[in-house]
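One structure below.
We did not get these values from a lab; they are worked out from the coordinates using the rules stated. Just so it is clear, the model here is predicted, and its values are computed rather than measured. Note that we place each Cβ from the backbone using ideal geometry, even for glycine, and neighbour counts take in every protein chain shown.
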Amino acid sequence: MTGKRLLVVAHAPSPNTRRMRDAILEGARAPEIDGVEARALGAFETQSADIVAADGVVLLTPENLGYMSGALKDFFDRCYYSCLDRTEGLAYALCVRAGGDGTGTRRGVERIVTGLRWRAIRDPLICRGDWREDFVGQCRELGMLMAAGLEAGIF
């Protein structure tokens, strides 16, 4: 066991965003992936110590008024300075449940993680428009990708 830790920081206020969060965890906990502990915390619950202890982070947020949720912004406001210079190079992925195009949400998160010097493992997964069941599968794949990359030492 490699002892890698994956943290999903999620603001999941609706049944559909909770399904997305759960799918990310399900993918990260796939039986073929060994040695990665995956857990999720709500954005309001997450502390800087949780980020410092993680080897990778998946951020999940709905798009609210063309921006990240207030809960995810609160997370960054509380943890930014205590994570700065302690989490440089941290592998992360962003998942957005967007009723619009997700551009403002993506831009806002990317501005913050650029300051933290985190490293994106892929382009953001932006689940746009009306709810589609395939969003769940895309989230599962994201969780699996992140966990497999951590297990293999790629991220």
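Enumerate the helices in the chain for which the Kyte-Doolittle hydropathy averages -1.0 or more and the C-alpha atoms extend at least 24 Å along the helix's axis, using complete DSSP H runs.
134-152
So for the chain: antiparallel DSSP bridges make up what percent, rounded to the nearest 5?
Here the share of antiparallel DSSP bridges comes out near 5 percent.
For a quick check: with amide H placed at 1.01 Å from N, whose amide H comes under 5 Å from Ala120's, ignoring anything fewer than 5 positions away on the same chain?
Tyr92
Mind checking region 8-114 for chymotrypsin sites (Phe, Trp or Tyr not before Pro) that DSSP puts in a loop (not H, G, I, E or B) and that have at most 14 other Cβ atoms within 10 Å?
Filter output for region 8-114: Phe44.
Among the GluC sites (Glu not before Pro) in region 1-109, which ones are in a DSSP loop with at most 11 other Cβ atoms within 10 Å of the Cβ? Mind listing them?
Answer by residue number: Glu32, Glu88.
Per 0.36 nm of contour for each residue apart, how much would the distance between Thr114 and Ala152 grow if the chain were fully extended, relative to their Cα-Cα spacing? Before the final figure, lay out each step's value.
Values: separation 38, 0.36 × 38 = 13.68 nm, distance 2.45 nm.
Working it through step by step, the gained length comes to 11.2 nm.
Which order do the peptides 130-137, 9-16 take when ranked by the mean count of other beta-carbon atoms within 10 Å per residue, highest first?
9-16, 130-137
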